[in-house]
Structure formats: C-alpha cells, structure tokens
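K.L.:
Right, I'll just put the structure down here and ask away after.
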Amino acid sequence: MRRAYVALGSNRGDPVAKVQAGMTALGQLPQTRVERCSSLYRTAPMGAVVDQPDFINAVCRIKTELDANALMKRLLDIEARHGRVRDGEPGGPRTLDLDLLMIDHQVIATPELTLPHPRLHERAFVLYPLAELDPDLVIPGHGGVTELLGACCGQRVQRLEPAASADNP
C-alpha cells in the first residue's frame, strides 16, 4: 500500500464540521484507510482574496492501493459531494478543499497532477499539520518539513483541539 498525505480545508458554513466530514469521507474510500489525522488549525486566508473568514485546516495520513490519479479523482468527488464548485477565484472561500500533497516519495508532473503538491513547501497551514504527523518527513525536491517551517514566517497558524474522529485516538 502507498502512504499518502491529504490536506483538508474549509472556511464556509461550519468549517470544523466540513473538515471532519472530509476526514470521514477519506476513511470510506475503497482500498484506503486513514492512519492518522492531525489536529485542526485555524489559519489566515492566503493569496488574492484576503477579505474572507479564516480557514480550518488539517492533514490526514492515509494508506491506499489507489494510484495518484485515481486518488485525486476520488478527492475531487468528495469535494463535489460537499458543495465545492471549482469556478471561484484561486484562494477564495471553500466549503471543502482536499489537496493531495504527496504519495510515498513519488514525483509526478503531468497536466492533471503535480506531486508533491507544487506549493506545499510554502504553506505553513500544511506544514504544521504535516510536522505534527511526521516531523522527519522529507518532501522530494524541497527538504524536511521541520526545516521548511522555518521559512514560513508571517503566516498565522493557530492549533486547535485535536481532530475528533474515530481514526484519530
């Protein structure tokens, strides 16, 4: 089985409930099991659309038999089932956003998918939960998660209570 990391985020409706629903949906994917989910983190919006509510973010480490493209398709299906419409402005509000961060240490660069996620090394809202799950994780082409956190100055990230899920004791 492959080890994959999936980032979850939401800032519309009840974002905590949306992220937790996303965690549950990950556990229901075929040939996949959730190993562990990070705590929830409250983070400031990034990018062009800053006048919007804070995000709730987390990362789940999963084991899956699905290949990268099949897993990505399943993640997009989960987003759609939770009301995500992909016609908004990049960085804008989201009901549920699922990003495939990496699968094992695969490097993939196709028009459909880039792994590791092309901006993961710049985003504290992903690096903090990754470091919580696997502090020694190395991101191909970028280095260790802990070292990368040092370069993410100025991004507001607040750890909340651990994620409440059956897969996260």
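K.L.:
Return a yes/no flag: does the stretch 44-55 have any residue that is surrounded by 22 or more Cβ atoms within 10 Å (Cβ to Cβ), more than 23 Å from Leu137 (Cβ to Cβ) and modelled with pLDDT of 90 or more.
P.N.:
Checked the stretch 44-55: no residue is surrounded by 22 or more Cβ atoms within 10 Å (Cβ to Cβ), more than 23 Å from Leu137 (Cβ to Cβ) and modelled with pLDDT of 90 or more.
K.L.:
Which of the residues that make up the stretch 1-19 are assigned to a loop (DSSP other than H, G, I, E, B) and hydrophobic (A, V, I, L, M, F, W, C)? Break it down into steps so the answer makes sense when it comes.
P.N.:
Taking the stretch 1-19 and keeping what is assigned to a loop (DSSP other than H, G, I, E, B), we get 1, 11-14.
Scanning the stretch 1-19 gives a single hit, Met1.
K.L.:
Return the residue satisfying two criteria in turn: it lies in the stretch 1-55 and is over 23 Å from His121 (Cα atoms) and of a type in the set (S, T, N, Q), and of such residues it is nearest to the chain's Cα centre (by Cα).
P.N.:
Checked the stretch 1-55; the qualifying residue nearest to the chain's Cα centre (by Cα) is Gln20.
K.L.:
Quick one: Leu29 ticks every box in (1) within 20 Å of Leu115 (Cβ to Cβ); (2) touching a helix residue (DSSP H, G or I) at 6+ places or on another chain (Cβ under 7 Å); (3) part of a strand (DSSP E or B) except a single one, so which number is it?
P.N.:
(3)
The values are calculated or read from the model by the stated rules, or taken from the named source; none is laboratory data. From a predicted model like this one, the values you see are computed outputs, not experimental measurements. Neighbour counts are summed over all protein chains in view; Cβ atoms, including those assigned to glycine, are modelled from backbone coordinates with ideal geometry.
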